[in-house]
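The values are calculated or read from the model by the stated rules, or taken from the named source; none is laboratory data. Being a predicted model, the structure only gives us computed values, none of them experimental. Here the Cβ positions follow ideal geometry from the backbone for every residue, glycine too, while neighbour counts run over all protein chains shown. Please note that ligands, DNA and RNA were not included when accessible areas were found on the heavy atoms of the full protein model with its side chains. Shrake-Rupley method; radii C 1.70, N 1.55, O 1.52, S 1.80 Å.
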Amino acid sequence: MTKTKEYAEGTCPLVSQCRLPLSTRTVNHLADLLRQHLKAIRSRWRILPPGKIAVIVLAVLRHDQRLSDMAGGNNVSESTVRRWYDALITLLDAQAPRLDRALKKVAKRGGEVVLIDGTLIPTQRRTGRADRRNCSGKHRHHGLHFLALTDENGRLIWISAARPGRTHDITAARHDHILAHLRAAGLGALADLGFRGLDNDVRDP
């Protein structure tokens, strides 16, 4: 049996369309990041324009579209879509603010407290024992745990790196030294009962 990319007789590839609610600002931001990156590495040519690449990657991130499906619908290879995906994730990661700088910025604007909470981003369950740590007993679902800080109006100012789904909120806060950064910026924090016991210093609560 030989492998072939030719389609069987009487069949043809189908391309489905879906609506992706995205702001022009979001697409342009990713496209500009890609253009700057290509200019920096002196490689301005790509099989598709930066704006189209940004939309493809956002479709994967927002709707968990399979790379092979996005590749087939845009006449590129799956490995090409994967390279675009990894490149834009790296570029976005470099734009993320540091925790200490984000808190100092809030304090400079006159803020007094931040809101802190943990969230679970559901993921598909993979086979094997290695995926057990991604199972959250609280949510009864597999996923990745993130710790997020917002200002008083609920605007996101910082988000942690991804951790296994079984990670507790208070454990993540201790790992990221949230208390030390809050005290350094002179800010307080509002949190739910999941953070009870995080701050036991009666002299400087």
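The slack between GLN124 and ARG196, meaning 0.36 nm per residue of separation minus the straight C-alpha distance, is 22.9 nm.
Residue-wise HN-Hα couplings along segment 183-196, as the Karplus relation 6.51 cos²θ - 1.76 cosθ + 1.60 with θ = phi - 60° gives them from phi, are 5, 5, 8, x, 10, x, 9, 10, 8, 8, 5, x, 9, 4 Hz; Gly and Pro carry x. Paramagnetic label reach from HIS168 (point 7 Å along Cα→Cβ; backbone nitrogen cut-off under 15 Å): within segment 109-150, residues 118, 136-139. Put a dot 7 Å past the Cα of ALA184, heading toward its Cβ, do the same for ASP32, and the two dots end up 2.9 nm apart.
Which net charge results when you count Lys and Arg as +1 and Asp and Glu as -1 among the other residues whose beta-carbon is under 9 Å from that of CYS135?
On the way: positive: ARG125, ARG132, ARG133, ARG140, ARG166; negative: ASP131.
Summing Lys and Arg as +1 and Asp and Glu as -1 gives +4.
For VAL113, the residues whose amide H sits under 5 Å from its own are GLY188, ignoring neighbours fewer than 5 places away on the same chain, with H placed 1.01 Å from N. The length gained on full extension between ILE159 and LYS52, counted as 0.36 nm times the residue separation minus their Cα-Cα distance, comes to 35.8 nm.
Evaluated with a Cβ-only charge set (Lys, Arg +1; Asp, Glu -1), the chain carries a dipole of roughly 520 debye about its Cα centre, given to the nearest 20. Quantify, in whole percent, the carbon and sulfur part of the accessible surface of segment 86-159 (1.4 Å probe; protein heavy atoms only). Heavy-atom surface of segment 86-159 belonging to carbon and sulfur, 1.4 Å probe: 50 percent. Taking Cα centre as origin and charging only the Cβ of basic (Lys, Arg, +1) and acidic (Asp, Glu, -1) residues, the dipole magnitude of segment 119-201 rounds to 700 debye. With a simple spin-label model that places each label point 7 Å from the Cα along the Cα-to-Cβ direction, the separation between HIS177 and ASN74 comes to 3.9 nm. Spatially, segment 151-180 and segment 48-88 are offset by 29 Å when compared through their Cα centroids. Think of a 1.4 Å ball rolled over the protein heavy atoms: segment 34-110 then has 68 Å² of accessible area per residue.
Order the following by accessible area, largest value first: THR119, THR90, THR80. Probe radius 1.4 Å; ligands, DNA and RNA are ignored.
Numbers: THR119 60, THR90 90, THR80 20 Å².
Ranking THR119, THR90, THR80 by accessible area, largest first, yields THR90, THR119, THR80.
For segment 116-205, the list of trypsin sites (Lys or Arg not before Pro) that fall in a loop by DSSP and count at most 16 other C-beta atoms within 10 angstrom reads ARG125, ARG126, LYS138, ARG140, ARG155, ARG196, ARG203.
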